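What follows is a short report on a single structure.
The values are calculated or read from the model by the stated rules, or taken from the named source; none is laboratory data. All figures in this text were calculated on a predicted structure; none of them were measured in a lab. As a convention, Cβ positions derive from the backbone with ideal geometry for all residues, glycine included, and neighbour counts pool all protein chains shown.
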Amino acid sequence: MSDSLRATSGRSYLGEVVGSGGQRWELQLKGSGRTPYSRFADGRKLLRSSIREFLCSEAMHYLEIPTTRAGSCITSDDTVTRDILYSGNPIQERCTVITRIAPTFIRFGSFEIFKARDRETGVTQSYYPQVHIQEPEDRRARTALFFRDLCVRTAHLVSAWQCVGFCH
């Protein structure tokens, strides 16, 4: 996979599909290996954490809490060494690649990647037009409205997480 399609820590952005009802879904792989943003990690995902992500994403979806969803888990014979309990007793674990599905994969860090390329609109207009607020014309007012909306949405999401005992 080309570096231009890679996201962070083993994530690879695959693209977007449009459902029969017009809903757009973005597809992403997690656990596909190292990326420029992996830092010191190997970018691999484990079977046990993939099963947990699959089950938890479905639970959150049916609790009506916005989340990514796991579309598939594909486990290989490849293994990596992990110290599950950080006890000094590492074991070999099987690697899994999970397909994530969401209306968007925009994260807080998404805006940092392109900030230097688009200081004028604060990135949103050029790289994330779906979140760019067109009105008012004044850039500062538009940015303030965007930031306010972002804060309100984030507060609602985190409070929904806390209501079910989830923490990120």
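Conditions tested, residue by residue: (1) under 13 Å from the mean Cα position of the chain (by Cα); (2) at pLDDT 90 or above; (3) of a type outside the set (D, E, K, R).
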{"site": "Ser2", "(1), (2), (3)": "no, no, yes"}
{"site": "Ala7", "(1), (2), (3)": "yes, no, yes"}
{"site": "Arg11", "(1), (2), (3)": "yes, no, no"}
{"site": "Gly21", "(1), (2), (3)": "no, yes, yes"}
{"site": "Lys30", "(1), (2), (3)": "yes, yes, no"}
{"site": "Arg34", "(1), (2), (3)": "no, no, no"}
{"site": "Ser38", "(1), (2), (3)": "no, no, yes"}
{"site": "Asp42", "(1), (2), (3)": "no, no, no"}
{"site": "Ser49", "(1), (2), (3)": "no, yes, yes"}
Check your understanding: Is there a residue being under 19 Å from the mean Cα position of the chain (by Cα) and either in contact (Cβ under 8 Å) with a residue 24 or more places away in the chain or surrounded by fewer than 13 Cβ atoms within 10 Å (Cβ to Cβ) (or both) anywhere in segment 78-92?
Key -> no
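Going through Gly122, Gly165, Gly109 one at a time, which residue ends up being modelled with pLDDT under 95 and over 30 Å from Val17 (Cα atoms)? Give the steps one after another, and end with the answer.
Values: Gly122 fails: over 30 Å from Val17 (Cα atoms); Gly109 fails: over 30 Å from Val17 (Cα atoms).
Going through Gly122, Gly165, Gly109 in turn, just one is modelled with pLDDT under 95 and over 30 Å from Val17 (Cα atoms): Gly165.
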Check your understanding: Does segment 101-111 include one or more residues that are surrounded by 13 or more Cβ atoms within 10 Å (Cβ to Cβ) and more than 15 Å from Arg11 (Cβ to Cβ)?
Key -> yes
Point to revise | Total residues in segment 88-110, condition closer than 18 Å to Arg48 by Cα and either of a type outside the set (Ser, Thr, Tyr) or out of contact with any Gly (no Cβ under 9 Å at 6 or more places or on another chain) (or both) | key: 10
Review point. Are there any pairs, at least 6 apart or on different chains, whose C-beta atoms fall under 6 Å, with the first in segment 47-66 and in the same structural domain as Val80 (by TED's automatic domain parsing) and in a helix (DSSP H, G or I) and the second surrounded by 13 or more Cβ atoms within 10 Å (Cβ to Cβ) and of a type in the set (A, V, I, L, M, F, W, C), and if so, which?
Key: Ser50/Cys73; Ser50/Ile98; Glu53/Ala70; Phe54/Ala70; Phe54/Cys73; Ser57/Ala70
